[in-house]
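Let me begin by presenting the structure, written as structure tokens, before commenting on it.
The values are calculated or read from the model by the stated rules, or taken from the named source; none is laboratory data. Since this is a predicted model, take the numbers as computed values, not measurements. Heads up, the Cβs are rebuilt from the backbone with ideal geometry, glycines too, and the neighbour counts pull from every protein chain shown. Note: areas computed on protein heavy atoms with side chains; ligands, DNA, RNA excluded. Shrake-Rupley method; radii C 1.70, N 1.55, O 1.52, S 1.80 Å.
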Amino acid sequence: MNIDWSNLGFGYMQTEYRYVSNYKDGKWDDGELTKDSNVVLNESAGVLQYAQTCFEGMKAYRTEDGRVVCFRPDLNAQRMVESCKRLEMPVFPEDRFIDAVKQVVKKNIDFVPPYGSGATLYIRPYMFGTNPVMGVKPADEYQFRIFVSPVGPYFKGGIKPITLRVPDFDRAAPLGTGHVKAGLNYAMSLHAIVDAHNQGYNENMYLDSATRTKVEETGGANIIFVTKDNKVITPKSGTILPSITRRSLMYVAKHYLGLEAEEREIKIEEIGNFKECALCGTAAVLSPVGKVVDHGKITEFPSGMEKAGEITQKLYDTLTGIQMGRIEAPEGWIYEIEPVKAAV
């Protein structure tokens, strides 16, 4: 396999196998691995008409000792269950979800980048309504699929602080779908992110849509802050997607770094009291924020625009160390896909 691992971008590369299971007549079939990367749908399929779809994202890695592992897929399985329930889709069993992840990674094992390359194998489970739907109602038939793609680091050349703006757009309404990983959430954020990029900003810092006074998240990542006395804070809201990376980082802050970690409501006017800010998610792990622009009001964090703040960097180094096997992981965090190969 002729892949330049060290120069991979963060984009789709077709691999050999993907997993497919279909739901019909009230039950899931046994599922199978296939080499066919195409999805054929009726023109009136539920996903095409009413966006009835949800997805997940995770990674597989080669660790320092040569194993191939996946990071906390049980939480992805649980989160997809919640997404399916909210979107009136049949739940794909959590044990089958994890087994399907293992099957796909094993069959594409040669696409897992080598340790130290900075690249990983991105895993995308997703589900969508497949049968024709005309009236506004849930579909009756569904397909669950997983594909994988090797990807390079989200940030080439290391993590550099970015600039956020507070937009005039809302991300999610109270009692809406902001807390689940529905495709429609990301569709509605596309105009806002393109508009932000056109104005020179990297991302949007969304506020709660009810009062527009409290920090929530960005279009594709949760947010963390660090106080001047090194306390790690993350916004609390019922419309925020519960990021697995964010939950892991809060644990790392408390149990590995000995810091206080708290989830609470954060008013937009108090962000100037923090010394560090960062976005967190599967793709980048942590992306430091150097500046937030709120309709002309500029908040610059003391950590600056040159590099990640001290605590942000420690959080990043510790979590990636756990994922890559350099640091011992909490029990249950690492799922082994392939053990260390014995010497011949």
Original post:
Of the residues F71, F55, which single one is out of contact with any Leu (no Cβ under 7 Å at 6 or more places or on another chain), under 21 Å from K107 (Cβ atoms) and surrounded by 20 or more Cβ atoms within 10 Å (Cβ to Cβ)?
Top reply: F71
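Are there any helices (runs of 4 or more DSSP H) wholly within the stretch 42-107 with 3 or more residues that are closer than 26 Å to P153 by Cβ and over 15 Å from the mean Cα position of the chain (by Cα), and if so which?
94-107
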Subject >> Single unsatisfied condition, G116 versus (1) under 25 Å from G220 (Cα atoms); (2) in a loop (DSSP other than H, G, I, E, B); (3) of a type outside the set (V, I, T) >> reply: (1)
Original post:
Any residue in the stretch 189-208 that is in a helix (DSSP H, G or I), surrounded by fewer than 16 Cβ atoms within 10 Å (Cβ to Cβ) and under 19 Å from the mean Cα position of the chain (by Cα)?
Top reply: yes
**OP:** For the stretch 225-296, please list each of the strands (runs of 3 or more DSSP E) lying entirely inside it that holds at least 1 residues being free of Cβ contacts under 8 Å to residues at least 40 places away in the same chain and out of contact with any helix residue (DSSP H, G or I) (no Cβ under 8 Å at 6 or more places or on another chain).
**Re:** 232-235, 261-264
Subject >> Residues (open to solvent by less than 10 Å² (accessible area, probe 1.4 Å) and either of a type in the set (V, I, T) or in contact with a Phe, Trp or Tyr (Cβ under 8 Å, 6 or more places away or on another chain) (or both)) located in the stretch 217-243 >> reply: E217, T218, I223, I224, F225, V226, V232, I233, T234
Subject >> Of all residues making up the stretch 297-339, the number that are part of a strand (DSSP E or B), aliphatic (A, V, I, L, M) and touching a helix residue (DSSP H, G or I) at 6+ places or on another chain (Cβ under 9 Å) >> reply: 2
Original post:
Is it true that N38 is assigned to a strand (DSSP E or B), under 16 Å from Y126 (Cβ atoms) and not acidic (D, E)?
Top reply: no
